[in-house]
1. I need the full set of residues from region 167-177 which are among the hydrophobic types (A, V, I, L, M, F, W, C), surrounded by fewer than 20 Cβ atoms within 10 Å (Cβ to Cβ) and within 12 Å of the ligand (Cβ to nearest atom), in order please.
2. Could you list all residues from region 36-48 that are of a type in the set (D, E, K, R) and within 7 Å of the ligand (Cβ to nearest atom)?
3. Mind telling me which of the residues 14, 30 ends up being within 15 Å of the ligand (Cβ to nearest atom) and not assigned by TED's automatic domain parsing to the domain that holds residue 140?
4. Take the residues in region 187-227 that are more than 9 Å from the ligand (Cβ to nearest atom), of a type in the set (Gly, Ala, Ser) and not in a loop (DSSP other than H, G, I, E, B); name whichever of them is surrounded by the fewest Cβ atoms within 10 Å (Cβ to Cβ).
5. Taking the criterion of being modelled with pLDDT of 95 or more, more than 9 Å from the ligand (Cβ to nearest atom) and either assigned to a strand (DSSP E or B) or open to solvent by 40 Å² or more (accessible area, probe 1.4 Å) (or both), would at least one residue in region 1-9 satisfy it?
6. Looking at region 118-134, can you tell me whether even one residue there is in contact (Cβ under 8 Å) with a residue 40 or more places away in the chain and not charged (D, E, K, R)?
7. Among the residues of region 126-166, write down those that are hydroxyl-bearing (Ser, Thr, Tyr), surrounded by 16 or more Cβ atoms within 10 Å (Cβ to Cβ) and not in a helix (DSSP H, G or I).
Amino acid sequence: MEVAGDHFDVIIIGAGIMGSCTAYEAAKRGLNVLLLEQFDFLHHLGSSHGESRTIRYTYPEPYYVPMVIESFRLWEEAESEIGYRVITKTPHFDLGPACNKSLQSVISSCNSHSIDVRVLNESQVSEKFGCSFEMPEGWIGLATEGGVIKPTKAVAMFQALAIKRGAVLRDHEEAVDIKKADDGNGVVVSTVNGRRFRGNKCVVTAGAWTRKLVKTAARLDLPIQPHPAASHSRLLLENQRKL
Ligand SMILES: Cc1cc2nc3c(=O)[nH]c(=O)nc-3n(C[C@H](O)[C@H](O)[C@H](O)COP(=O)(O)OP(=O)(O)OC[C@H]3O[C@@H](n4cnc5c(N)ncnc54)[C@H](O)[C@@H]3O)c2cc1C
């Protein structure tokens, strides 16, 4: 059964940080938005809850830095609309072998986007932290700016802002199917409760459940696997191999 009147410009599936800020950004652009969540809003089963996440410029991939610059601007915009803070700017520090390729790429990514990155040797690091800091031989420290985000508070903020901008938010509404509408205009999203919503577009922000949703909606078993913060784990592994 299709629910009459439930026609949206955008249907977003998954209300973690990605889906919640997508809902806000789409609603801010004047779109008629529906955000669906399978569990309670602000549940603790996904990736976006808790007390802290870092935000930093120090990625080896050069395309990250402009995105971080833009996201700092968007965080500030959302904070000024809601009237409280979810992000605290802090100094940020990375370290590793001077010859490490990822670390070298981090330095050039920052330099090419005019991010203030200071490369420190062992005594400069000790001086900076006001105590003796022992680093393995040949290692350097990188001092930049970064920040700490409160994730649960941030998700709640984006959901509140999305509602304020007219978005419709529904929890306990697991999407189980996404089909092209019969008339060819947009999609129909069906939920576990037997509801059907029409959307001109559908954005899937289902996090670690993406494989499950694709499997039920498209009968495709894609080899999608949740992965820990890729670049930093890689750097850590490279460093461990060198020690
Ligand atoms: C312990 C930890 C530490 C981290 N530290 C950092 C850090 O310091 N800095 C950083 O930048 N990143 C960090 N990350 C990564 C970051 O937290 C994640 O990239 C981000 O939270 C992912 O958000 P998401 O919205 O994609 O996924 P999720 O938060 O998992 O949201 C997906 C949502 O979709 C819902 N959903 C799934 N399927 C359906 C369906 N069929 N119908 C309806 N709803 C559905 C789920 O219930 C869930 O609420 C960390 C992650 C973890 C776990």
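1. Step one: filter region 167-177 for residues among the hydrophobic types (A, V, I, L, M, F, W, C), giving 167-169, 175-176.
Next, only the ones that are surrounded by fewer than 20 Cβ atoms within 10 Å (Cβ to Cβ) stay: 168, 176.
Within region 167-177, just 176 meets the criteria.
2. We begin by selecting, within region 36-48, every residue of a type in the set (D, E, K, R); these are 37, 40.
Listed by number, the list holds a single entry, 37.
3. From the options 14, 30, the qualifying one is 14.
4. In this case the residue turns out to be 218.
5. Yes: one or more hits.
6. Step one: of region 118-134, the residues in contact (Cβ under 8 Å) with a residue 40 or more places away in the chain are none.
So far as region 118-134 goes, no, none of its residues is in contact (Cβ under 8 Å) with a residue 40 or more places away in the chain and not charged (D, E, K, R).
7. Residue satisfying the conditions is 144 alone.
Residue-wise test of (1) among the aliphatic types (A, V, I, L, M); (2) within 16 Å of the chain's Cα centre (by Cα); (3) over 22 Å from residue 226 (Cβ atoms); (4) not in a loop (DSSP other than H, G, I, E, B).
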{"position": "62", "(1), (2), (3), (4)": "no, no, yes, no"}
{"position": "70", "(1), (2), (3), (4)": "no, yes, yes, yes"}
{"position": "77", "(1), (2), (3), (4)": "no, no, yes, yes"}
{"position": "80", "(1), (2), (3), (4)": "no, no, yes, yes"}
{"position": "103", "(1), (2), (3), (4)": "yes, no, yes, yes"}
{"position": "124", "(1), (2), (3), (4)": "no, no, yes, yes"}
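The values are calculated or read from the model by the stated rules, or taken from the named source; none is laboratory data. Model, not experiment: these values are computed from the prediction. Cβ sites come from the backbone with ideal geometry, for glycine too, and all protein chains shown count toward neighbours. To get the accessible areas, we keep the full protein, side chains included, count just its heavy atoms, and leave off ligands, DNA and RNA. Shrake-Rupley method; radii C 1.70, N 1.55, O 1.52, S 1.80 Å.
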